[in-house]
Every structure is written in structure tokens, then in C-alpha cells.
1. So in the stretch 59-76, with the set limited to residues that are open to solvent by less than 50 Å² (accessible area, probe 1.4 Å) and either within 15 Å of A132 (Cα to Cα) or modelled with pLDDT of 85 or more (or both), which one is farthest from the chain's Cα centre (by Cα)?
2. Return the total of residues in the stretch 296-317 being touching a residue at least 24 places away in the same chain (Cβ under 8 Å), of a type in the set (V, I, T) and either open to solvent by 30 Å² or more (accessible area, probe 1.4 Å) or closer than 21 Å to D202 by Cα (or both).
3. Looking at (1) within 23 Å of the chain's Cα centre (by Cα); (2) surrounded by fewer than 17 Cβ atoms within 10 Å (Cβ to Cβ), which is the one condition that is false for L354?
4. When both residues are 6+ apart or on different chains and their Cβ atoms are under 6 Å apart, which pairs have a first residue that lies in the stretch 48-76 and is touching a residue at least 40 places away in the same chain (Cβ under 8 Å), and a second that is surrounded by fewer than 15 Cβ atoms within 10 Å (Cβ to Cβ) and among the small types (G, A, S)?
5. Are there any pairs, at least 6 apart or on different chains, whose C-beta atoms fall under 8 Å, with the first in the stretch 81-98 and under 16 Å from L115 (Cβ atoms) and the second open to solvent by 100 Å² or more (accessible area, probe 1.4 Å), and if so, which?
6. So which residues in the stretch 252-295 are at pLDDT 85 or above, surrounded by fewer than 17 Cβ atoms within 10 Å (Cβ to Cβ) and assigned to a loop (DSSP other than H, G, I, E, B)?
7. Just give me the residues in the stretch 324-342 being open to solvent by less than 40 Å² (accessible area, probe 1.4 Å) and at pLDDT below 75, in sequence order.
8. Regarding L52, is this residue at pLDDT below 80 and in a helix (DSSP H, G or I)?
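The values are calculated or read from the model by the stated rules, or taken from the named source; none is laboratory data. These figures come from a predicted structure and were not determined experimentally. All Cβ positions, glycine included, derive from the backbone under ideal geometry; neighbour counts span all protein chains shown. Heads up: the accessible areas ignore ligands, DNA and RNA and are worked out on the full protein's heavy atoms, side chains in. Shrake-Rupley method; radii C 1.70, N 1.55, O 1.52, S 1.80 Å.
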Amino acid sequence: MENVGAACSEHDLVAERHRCERWFVRRGLPHLIHDYSASADVLTRAAPFLALVVFIEFFFVFGDRWTGWAQAAVFVVGLAAMAGVVVLVNLLRGRRLWQLPDRFGIWEVLAYLVLGAVFAGLGSSDSVIVDAAFAAGLNAVLLVSAYVVTSWGLLPMVRWSVGQLWRQVGQVMTLLAKSLPILLVFSAFIFLNAEMWQVANDFTLPFFGMIAALLVAVGALFVIISVRRLAVDMARFSSWADVRARCADTPIASLVPADDSPAPDSPPLGRRARFNVSLLLFVAQSIQIALVAVIVTCFYVLFGVFTVRESTLLQWTTLSQLTWEDSWVVSLPLWSGELLFSRQLVLVAAFIGLFSGLQFAVSVVLDSSYRSEFAEDMTDELREALAVRAVYHRTLVANTP
């Protein structure tokens, strides 16, 4: 063991390793964990959710088919089925009869799928086979969803990104102010254009949703380009002094090797780890760009409420009258006039907000000053995680089983 590792017992190092790996998960970077496994790491973390699903499905046995003592008997059969499946899986795995699973493999997956089907079949009031198959299919969908969410740490990833967002609201507003002159010229022309209001009036919500999805997809493409640039070479460190400065507020701050130790040489990021890093940056940037779009949308909704009168809206849209059923019209008397809120106003403001978010995403990708200001805090946080990974591999992975 090296200088730091030798000062700790193997038990302490294992505990530190588990603590460090939990830190990766909380940062939305579970694939930085060495030998990250679907059976030992992913599905075991999803097990509480899957157990909750099975517990809820147990109440399927209380169907309309059974009443009185027959229903009590079905309840007992359901409990016996649950206990029997658990015991059988543990026997197949060589575990104690009632031991919680330490690995989640094919037998655990089959048990999860079968239990839901059994409960649905016992309580079925129609076709037993159809209800059982539906329950098994639903469980399969939930299993895949839980695997994806848990494997990539999507929930902690979003939580981390939102935390970054709150810390960077001032920065986002500053960057928005920098682009505001061009943004206002572009967006004011659209907002005061009668044809835009007529288009918004003719739009049904499904068609507007398709246009919004197209603009979001184009913006996402630009964010992906930006993320690929940001993720390059962030896992490389020239010295342990650089690593130590970035690990000051992390669980492994006391485990950083001395400055005269061999230079950091943690293994290159694997394909899944690179994707995990890129996904984290993508989610964080997408949330921040969405904030810009929401701010612009809210601004134009408020601006339109105060500036667009009913007569103007009727003229722009060729409508004969405004009704709640067609236009969601809400009017509020104020100072011998009235403030007007309408569906057309919401759609025009949302359209401008989407284009503003797209323009902002393009600026972040193409303008180096925007990119450095906008992504600096995010890359610092990610660089910290990769510095922790360097210590994790040198001190903990190398010295623990």
C-alpha cells in the first residue's frame, strides 16, 4: 500500500471506498464506480422500488371474483406464493431462507415478474391469462424503467443540475442580458407581427407540440455538440497537487497521495463512463437553457397582457369574438381598461421563448466567451468528480478487494 493506504486498515479502506462510491451516485455519476455491475450495483439499488411495486400488486388478490372466506383463502394463498418464491430464489442462490438479495440476477427478475402475474391471476374477475400477462408486462416495463433511471443516476443527476441552476441564476441572467439586444430585436418583430398571431390562432395544441418538439430537438443537437467539446480531456491531471485542490471538500480529501508520488494515472474513462459524464453535462445545460426559454416566455406573456387589447387581437386573428372555450380568454378590469389573457398570447409567447432558447443554445456552442462563462461552474464540479475518481483508483481500488 502507498503512504495513505498503508495508514488505514483494509476494513477502513473498504468503508472509504463504499463512501466514495455513494458520493459518485449522489453526483449522478454512478459509472465512475470501478466494475459497476447491473446485478450487484444497479438492480440492488432499484430493489426497494421493485419491492414496493410487488407489495402494491399483492392487493390484486382482493378482486371481485372472491368474497367472504374464499377471499380470505386467496389472501393466504397469495402470502404463501410470495413467501415460497422468496425462499425458492434464496435456495437457488445459496443464501439464507429470508436473506435480502445481495445480487439481482435472472432468478430475482423472474420472481419479480411472476409474483405480479400470480397476484393478478388470483384476483382476476375476467380472463386470468390476460390479467396475469398484463401484470407481467407492466412489471417488465417498470423493471426496465427502474434499471435506466438507477443505472445512469437520473434522479440524483437532475437534483445536482437543479442545484447548479440555483447557484448560477445570476450568471444565466447576466448571459441573457448580454444577448438581450439581439434577442429583443428578433423576438419583438415576431411578437408584433399580425401573421404570427393568426398562425397561433390556427394552431391546434397537438400541432404546436410537434413544432415545439422540433425546436427542442434542434436545440438538443447544439447542446450535444457543446457537451462533446466540454468532456474532452477533463479526466487528465498533471500532478497530485492539482487533484488535492479539487478534492478539498470531498469524502477522500485525506486520502490524496503526496505530491512526490507517481503522477495520477487512473484508467481512461470507458464508453459508459464517458456517456455518463456527457449525459450529466447535457442535462445540466439543458435545464439552464430551458430556464432562459421560460424566462422569455413569461416576459412576453406579461408584456402581452398589458399591451394587446381585445380589438387588436380580433383584428390580428380575424376572429369575430373571443370566448373561453376557443381562446381561454380571461379579462381583468384595470384603470378604465382591461388586461387580456388568451390562448393566442400563450402560444405566441411560448413560440418566442422556444426560439430564444434555441438562439441561446447556438450562442453557447459557437461563441467561446459564452461557452466559457456558461459552462465554467459545471465543468469545475465535474472536474472535481474526476479528481475524486483519480484518488479512488489510486488509493482505494488498488488497495481493497
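1. G63
2. Result for the stretch 296-317: 5.
3. Every listed condition holds for L354 apart from (2).
4. G63/S125; D64/S125; R65/S125
5. Cβ pairs passing all conditions: V86/W98; V87/W98; V89/W107; N90/R96; N90/W98; L92/W107.
6. Selection gives A258 alone.
7. Of everything in the stretch 324-342, those that are open to solvent by less than 40 Å² (accessible area, probe 1.4 Å) and at pLDDT below 75 turn out to be S327, G337.
8. In short, no.
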